[in-house]
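Encoded as structure tokens, the structure appears first; notes follow it.
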Amino acid sequence: MSSADRHPVRLRRSVLCVPADNQRALAKVAGLACDAVIYDLEDAVLPDNKISAREALKAHLAQGRRPDVETIIRINSLASGHSEDDLAAVLEIAPDAVLLPKVDTPQDVRAVADFLTERDAPDDIRLWAMIETPHGVLNAAAIAETGRTRGGRLDCLVPGLNDLRKETGVPALAGRTYLVPWLMQILLAARSAGLDIIDAVFNDVRDAAGFEEECRQGRAMGFDGKMLIHPGQIAPANTHFGVADLALAEARSIVQAFAQAGNVDKAVINLNGRMVERLHLEEAVRLVARADAIQQKGKVA
């Protein structure tokens, strides 16, 4: 079973987090150019507002009103006392995915997957997992492995650095110096199971230069996109996690070269003096598909 069989291919360059009880923010979503929206029922909503936030979200995502982007609902943690009501709302709304906060073990993912399956939820309601505790980081590989089965539903990991900083005492330094090893550990876990991975939020919405630098860092580390907290972060995230013209031209040349009659059955070819293998072809095909998806999104927007 290939990764493509298990996981939908989606653009996730810019993933905007919106508080479910913020009516103004909800109303603006339809006009934004982000690839995905996380409607937050957890940290962004005060305890006294959980019920009203849930109802506001159900009204916002009622049939015919859903924005044309990937829709994810971040529920409250399984230990919070709110998650069962959140999941009942998920069954009613049928979003694209559910984001599970503070995932510590594979059982956290399996419990929600089982809840959905036992209630005949469609298979295309997928799961995302936030890795934001020391236990979660240590168990990242085992958590990601739940995505290898169809019933697991898991498609994507998201590091939660604010909680990790709080629980470990690591300071919020520029460049995320002492956090990079954990980020790469989570990224390796995601890739080992064929999952997407979205970089953590950047907290200072006034620091545009710092945000762009962190986007460059995240892209170089291999992340698919970035979780955002403000609409002003969407355009730079789309740029930095997009496809560079030079890289696209090279990818197209690799695809064309392997398509030539004499190269169709070759494992390795010489392209302008450089050895190019089939693994490079696979990378090139993915890059071209990503660029085509970006172009198509631009036409629709």
Among helices (runs of 4 or more DSSP H) completely within segment 167-277, the ones holding 3 or more residues that are open to solvent by 20 Å² or more (accessible area, probe 1.4 Å), touching a helix residue (DSSP H, G or I) at 6+ places or on another chain (Cβ under 9 Å) and more than 24 Å from Gln295 (Cβ to Cβ) are 180-192, 208-221
Practice task
Answer yes if at least one residue in segment 43-66 is assigned to a strand (DSSP E or B) and out of contact with any Asp or Glu (no Cβ under 7 Å at 6 or more places or on another chain), and no otherwise.
Solution key: no
Among the residues of segment 107-129, the number that are under 17 Å from Ala189 (Cβ atoms) and in contact (Cβ under 8 Å) with a residue 40 or more places away in the chain is 3
Condition set hydrophobic (A, V, I, L, M, F, W, C) and at pLDDT 95 or above, scope segment 1-24, selection farthest from Leu157 (Cα to Cα): answer is Ala20
Restricting segment 23-34 to residues that are in contact (Cβ under 8 Å) with a residue 12 or more places away in the chain and open to solvent by 10 Å² or more (accessible area, probe 1.4 Å), the one farthest from the chain's Cα centre (by Cα) turns out to be Gln23
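The values are calculated or read from the model by the stated rules, or taken from the named source; none is laboratory data. Keep in mind that this is a model prediction, so the values were computed, not measured. Glycine also receives a Cβ, built like all others from the backbone with ideal geometry; neighbour counts cover every protein chain displayed. All accessible areas refer to the heavy atoms of the entire protein, side chains included, with ligands and DNA or RNA removed. Shrake-Rupley method; radii C 1.70, N 1.55, O 1.52, S 1.80 Å.
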